[in-house]
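Taking it in order: structure first as structure tokens, then the write-up.
The values are calculated or read from the model by the stated rules, or taken from the named source; none is laboratory data. Since we're looking at a predicted model, the values are computed, not measured. No Cβ is skipped: glycine too gets one built from the backbone with ideal geometry, and neighbour counts run over all protein chains shown. Calculation scope for accessible area: heavy atoms of the full protein, side chains included, ligands and nucleic acids excluded. Shrake-Rupley method; radii C 1.70, N 1.55, O 1.52, S 1.80 Å.
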Amino acid sequence: MISIRYLIQDLLKKILIVFLIYTICRILFFYFNKSSFQDLEFLEFLKLLFYGLRFDAFSISATNSLFIILAVLPFNFQKKTSYRKTLFFVFITINSFAILLNFIDFVYFPYIQKRTTYDVTHLIFGGQTDFIKLLPYFLLDNWLLIIIYFILIFGLIKSFKWIEKNKQFKLQNFNIKSSLLNTFQFLLVSGFTVLGIRGGLQKIPIVLLDAALYTSQKYIPIVINTPFSLIKSAELNQIKYLDFYKKNELNQYSTQIIPADTSKFKNLNVCIIILESFSKEFTASGNRKSYTPFLDSLISVSTYYNNAFSNGKSSINGIPSIISSMPTYMDDPYLNSTYANNTLNALPKLLKTKGYHTSFFHGATNGSMNFNSYAKSAGYDLYYGRTEYNNEEDYDGQWGIWDEPFLINMTKEISKIKEPFLTTVFTLSSHNPYKVPKKYFGKFPKGTLQIHESVGYADYSLKQFFNQAKKMPWFNNTLFVLSADHTAISEDAFYGNSIGQYSIPIIFYLPGQKPEIINKTVQQIDIMPTVLDILNYDKPYYAFGKSMTSKINSPVVYYNYPNFQIINDSMMYIISNYNLTEAYNYKTDSLMTKSLKNSYPKQEEFTLKYIKALLQNYNNDVLDNKTFFEK
């Protein structure tokens, strides 16, 4: 029998090396995303490195549990070459993958403003993106990170082999004393492993919300790690019934039934244009350098909502928010959740009752993001994608058809449709890898980020669409609604924080209308009610948003796991586990450095009541499949 003492000593050395690499990953995560944490002081950063060890302990214990047990079994086969090779393979494979997950978030974080959670598996493995096609572009764009990654893995391998080279095997006689001692030490190692997975001796095992114990919400992505985020978010993909209020109390704070309009219905055509990754920052209204000259000119002749927010950070959340007034207030994207087949009062379904023809245009490969399936369930009569376009000469080689030819062709296809119609188009050329057609190389400003040039091309394509649309007989009788699906990566301190990363343009353009800039707080889920309000829709329906034409300023709510963020006028509140944890006046303190929690107790009390009522309606109606108006 081998003494377990020396096996434990070697194990501790190897595990400490992994802790060191996790800390290096945390430093690299901050370095590659420092534009999102510009106000982080050095002393605070050191504290985050220390507090992060608790979350590293979970990830290292959870992912290495098999290796830990195999490494301390006190039997003679520990000396066999085949067994030692097996331990080497298990250790390097598991930790290389866990470290890779951390590296992925070095470049993925700017897009989603959180550590990767379990819902990303739907995008990669559920056929929601052309992941395999995109992979070469990501690798090419991030060659430096690839080099750093392999350097770390090389260091991990060399460290393991060095420890193995100096490993001691002390044999001891098999007797009751030695057996009991080895058993006790084995159980001690197992116990500490379980303790690491639990995150400590507390009653409830560690969860993502526990990160809020150590820092403010905006620094949580630094203190945790990606394996922890993935594993813990995988445990929480079901919503539960809530009972904060009785049914007759709910309407005081939140109601989802929009009453019928009593005015005469207007048979206006409706064209909804969803712009891929068009952050407000890229427009003139973002008070930064504009890359959208056409959109800026359109804003000047439209009703423009200057304080608009997206309800999520991905296309798969943006589309149902805009078309169905259905946000995602749970861990999984609504369209990928177990409730995706619920009945919704989507805009196409509602307008079809008024005789509208409905169509959805998206130049991507059919099946991308499952938007063709969503279009059918939402009530669209026609889905028009890359397959229907049927001209591979205009294929960008990655996502689908270039925006310019696709949008110009769309105007011709719309002209074949009988009025009134509702049509929706989702652009794609401003999506990573941010390519532009060869004939336009050098035409658009490259800016400081790769996306800037492709946004310029997408804006130019939008201009060509309107130039063609103006020639069509249906143009003057069409309400155009433009909104970004979500925001993009940013180097700006404000547009990189949890307010700026949801700031988008929302535009309503009706030819001949009086232009107006409106500063009230609005969100994507308000688009459907606003369209129906403009049309004087004469039937009640179900929606989570409210018409933007209303004088009432409803709070904006978006969910970035594990927190809800609520914007009400100039205040932004962060809600964790139904408790208000932070409050900021983002208009006077745009970088949110001074917490105003407890400064306005009445507003805070209302905000908590509002979010509880809203989520009670959301959870209970989604679970009961009652997210539609029922007579």
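Let me confirm something: among ILE517, ILE525, ILE552, ILE507, which residue is in contact with a Phe, Trp or Tyr (Cβ under 6 Å, 6 or more places away or on another chain) and not in a strand (DSSP E or B)?
Result of the check over ILE517, ILE525, ILE552, ILE507: ILE525.
(1) modelled with pLDDT under 95; (2) closer than 14 Å to ILE417 by Cα: which one isn't true of TYR356, the others all being true?
Failed condition: (1).
Only one residue in ASN467, ASN432, ASN477 is closer than 27 Å to GLN524 by Cα, touching a residue at least 60 places away in the same chain (Cβ under 8 Å) and surrounded by fewer than 20 Cβ atoms within 10 Å (Cβ to Cβ), so which one is that?
When all the criteria are applied, what remains is ASN477.
Among (1) surrounded by 18 or more Cβ atoms within 10 Å (Cβ to Cβ); (2) free of Cβ contacts under 8 Å to residues at least 24 places away in the same chain; (3) among the hydroxyl-bearing types (Ser, Thr, Tyr), there is one condition TYR457 misses while meeting the rest; what is its number?
Status for TYR457: all satisfied but (2).
Yes or no: SER59 in contact with a Gly (Cβ under 8 Å, 6 or more places away or on another chain) and among the hydroxyl-bearing types (Ser, Thr, Tyr)?
Against the criterion (in contact with a Gly (Cβ under 8 Å, 6 or more places away or on another chain) and among the hydroxyl-bearing types (Ser, Thr, Tyr)), SER59 does not qualify.
Could you please tell me which pairs satisfy a Cβ distance under 8 Å, a separation of 6+ or placement on different chains, a first residue in the range 617-631 that is β-branched (Val, Ile, Thr), and a second residue that is modelled with pLDDT of 90 or more and assigned to a helix (DSSP H, G or I)?
Sorted first by the residue in the range 617-631, then by its partner, the pairs are THR627/ASP621.
Show the residue pairs meeting these rules: Cβ distance below 9 Å; 6+ apart or different chains; first residue within the range 73-85 and free of Cβ contacts under 8 Å to residues at least 60 places away in the same chain; second residue open to solvent by 60 Å² or more (accessible area, probe 1.4 Å) and hydrophobic (A, V, I, L, M, F, W, C).
Note: pairs meeting the criteria are TYR83/PHE77.
Give the residues of the range 527-545 that are touching an Asp or Glu at 6+ places or on another chain (Cβ under 6 Å) and either among the β-branched types (Val, Ile, Thr) or buried (at least 21 other Cβ atoms within 10 Å of the Cβ) (or both), sorted by residue number.
TYR537, GLY545
Just give me the residues in the range 121-155 being modelled with pLDDT under 65, farther than 16 Å from LYS435 by Cα and either touching a strand residue (DSSP E or B) at 6+ places or on another chain (Cβ under 6 Å) or in a helix (DSSP H, G or I) (or both), in sequence order.
Within the range 121-155, THR121, HIS122, LEU123, ILE124, PHE125, PHE131, ILE132 meet the criteria.
Only one of these is part of a helix (DSSP H, G or I), more than 29 Å from ILE27 (Cβ to Cβ), modelled with pLDDT of 85 or more and of a type in the set (Gly, Ala, Ser): GLY196, GLY191. Name it.
Result: GLY191 is the single residue among GLY196, GLY191 that is part of a helix (DSSP H, G or I), more than 29 Å from ILE27 (Cβ to Cβ), modelled with pLDDT of 85 or more and of a type in the set (Gly, Ala, Ser).
Can you tell me which residues in the range 331-375 are of a type in the set (Lys, Arg) and within 20 Å of ASP526 (Cβ to Cβ)?
The one that is of a type in the set (Lys, Arg) and within 20 Å of ASP526 (Cβ to Cβ): LYS349.
Do we find a residue being more than 21 Å from LEU268 (Cα to Cα), open to solvent by 40 Å² or more (accessible area, probe 1.4 Å) and either touching a Cys at 6+ places or on another chain (Cβ under 6 Å) or in a loop (DSSP other than H, G, I, E, B) (or both) anywhere in the range 373-381?
There is no residue in the range 373-381 that is more than 21 Å from LEU268 (Cα to Cα), open to solvent by 40 Å² or more (accessible area, probe 1.4 Å) and either touching a Cys at 6+ places or on another chain (Cβ under 6 Å) or in a loop (DSSP other than H, G, I, E, B) (or both).
All but one of (1) farther than 29 Å from PHE480 by Cβ; (2) small (Gly, Ala, Ser); (3) in a loop (DSSP other than H, G, I, E, B); (4) without any contact (Cβ under 8 Å) to a residue 40 or more places away in the chain hold for ALA583, so report the exception by its number.
Of everything listed in (1) farther than 29 Å from PHE480 by Cβ; (2) small (Gly, Ala, Ser); (3) in a loop (DSSP other than H, G, I, E, B); (4) without any contact (Cβ under 8 Å) to a residue 40 or more places away in the chain, ALA583 misses just condition (3).
So, in the range 401-424, how many residues would count as being open to solvent by 10 Å² or more (accessible area, probe 1.4 Å), closer than 18 Å to VAL270 by Cα and touching a residue at least 60 places away in the same chain (Cβ under 8 Å)?
5
Can you go through ILE24, ILE15, ILE8 and tell me which one is surrounded by 20 or more Cβ atoms within 10 Å (Cβ to Cβ) and either closer than 20 Å to ILE163 by Cα or β-branched (Val, Ile, Thr) (or both)?
Result: ILE15 is the single residue among ILE24, ILE15, ILE8 that is surrounded by 20 or more Cβ atoms within 10 Å (Cβ to Cβ) and either closer than 20 Å to ILE163 by Cα or β-branched (Val, Ile, Thr) (or both).
Kindly indicate whether LYS602 is in a helix (DSSP H, G or I), surrounded by fewer than 17 Cβ atoms within 10 Å (Cβ to Cβ) and touching a Phe, Trp or Tyr at 6+ places or on another chain (Cβ under 7 Å).
no
Check whether at least one residue in the range 318-328 is open to solvent by 20 Å² or more (accessible area, probe 1.4 Å) and either assigned to a loop (DSSP other than H, G, I, E, B) or in contact with a helix residue (DSSP H, G or I) (Cβ under 7 Å, 6 or more places away or on another chain) (or both), and report yes or no.
no
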